[in-house]
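Notes for the one structure printed next.
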Amino acid sequence: MTETAPTLELLPRDLTPYQAGNTGIPYVHRFDSGRPGPHVLVNALTHGNEFCGMVAATHLLDREVRPVRGVLTVSFANVEAYESFSTDDPFASRQLVHNMNRIWSPEWLEGGEQSPELRRARELRPALAAADHILDLHSTSQEVEPFWVYPTFERNARAAAAIGVPAIHLVMPNGLGTGTPVIQHGRHGDAHSDAVALVAECGQHFLRATGEVAVEVTLRFLAHFGLVEPDPAWATPAPARRYELLSTEVVRDGRVQFARPMVGMEVFARGELIATDGEREIRSPCDGCTIFMPTRQAIVGRELVYLTRPLA
């Protein structure tokens, strides 16, 4: 696998002014309107090099955006990984030890293993548990259209469709298969709950436009739940395009070759070769199979590519 150096338009800023917060949890800020309404959590930096969430979170805090009803919480998650960022290897600060978006199960959080990500996740648990609805802001290693990711609960689908941006939806009938993400922790992963939890993948990590998308998605999310007023200047969203996750392929061998250069959203016919991982072939399970999140660096045990099918 070969790669080119990314364009670094969007870089970290000092988050020290936000460290104290006001909740007893570092880097977590909460604002109560004093009026009835939902409690919404906007979560940034689940991965340390996904700076768009930092842009959206600091936008809310710097501009003193306050809920007109309900409660708004703004959190910076994996700040320790974020602070390890180096332009020499801009992808390395995604995580220090664990993928912080796969460890939100009781097995991980209540187990005996230790890491910076586990310590921080355990610290953040009360903030997640208190929230009725969660927006978890992410970005992608490749430059692709922004998209939602969420479990296939009708409440999530309704909210994502109503918010409208992004227009692409990646829905998970059975989770990711590689761990428990933030949006499936506790009641947010309960099919019988009314708690909405969405990931917004806002674009490529280091592009300025990705931060701009994150700000708009965040404000649209808050407006949907009535915490802020909608902006009349917002453009009408494009029609939704929905995809169902069929499988998450994981790197087993490490000698990965894609059948052609891929960034994501490439489409394959049934049986068509997508990639090889050593001697293993990964082929399309259906006509119209659309891939998401092809890995930029094959590491054994980490995700290689998501295989999906379009939904009507």
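Listed options for mean projected area of the Cα convex hull in nm² are [x] 27.2; [y] 15.8; [z] 17.0. The value calculated from this structure is the one marked [y].
Neighbour counts of other Cβ atoms within 10 Å put C52, C286 in the fewest-to-most order C286, C52. Based on alpha-carbon centroids, what's the gap between the stretch 237-312 and the stretch 151-208 in Å, whole number please? Taking the Cα centre of the stretch 151-208 as reference, the centre of the stretch 237-312 is 19 Å away. According to the square roots a ≥ b ≥ c of the eigenvalues of the Cα gyration tensor, what is the shape class of the stretch 57-171, taking rounded for a/c under 1.5, prolate for a/b larger than b/c otherwise, and oblate for the remainder? Since a/c stays below 1.5, the shape of the stretch 57-171 is classed as rounded. Remark: spin-label model distance A20-T87 equals 3.2 nm, labels positioned 7 Å along the Cα→Cβ axis.
Could you work out how much longer the chain between E272 and A233 gets when fully extended? Use 0.36 nm per residue separation minus the Cα distance between them, nm to one decimal. Before the final figure, lay out the partial values.
On the way: separation 39, 0.36 × 39 = 14.04 nm, distance 4.38 nm.
Taking 0.36 nm per residue and subtracting the Cα distance, the gain is 9.7 nm.
Compared with the direct C-alpha span, the chain from A209 to E123 gains 27.8 nm at full extension, assuming 0.36 nm per residue.
Under the criterion of Cα pairs below 8 Å and six or more residues apart, the relative contact order for the stretch 167-312 equals 24 percent.
Calculated FRET efficiency, E107 and R63, Cβ-Cβ r, R0 41 Å, to nearest 0.05?
0.55
The stretch between R296 and V263 holds 11.0 nm of extra length on full extension. This uses 0.36 nm per residue minus the Cα-Cα distance. For the modelled label position 7 Å from the Cα of E244 along Cα-to-Cβ, which residues of the stretch 274-302 have backbone nitrogen atoms closer than 16 Å? Answer for this model: 285-291.
For D136, D253, the sequence from fewest to most other C-beta atoms within 10 Å is D253, D136.
For the chain, modelled as a GNM whose springs connect Cα atoms under 10 angstrom apart, the maximal fluctuation among F225, F206, F51 occurs at F225. Beta-bridge orientation, the chain: approximately 50 percent antiparallel, per DSSP, counting only bridges with both partners inside. Taking E143, E117, E229 in turn, the Gaussian network model of the chain (Cα-Cα springs below 10 Å) assigns the largest fluctuation to E229.
The calculated FRET efficiency for E281 paired with N174, based on their beta-carbon distance and R0 = 25 Å, is about 0.60.
Rule-based calculations on the coordinates, nothing more; no lab input. Given the structure is predicted, the values throughout are model-derived calculations rather than measurements. Backbone-built Cβ (ideal geometry, glycine too); neighbour counts: all protein chains shown.
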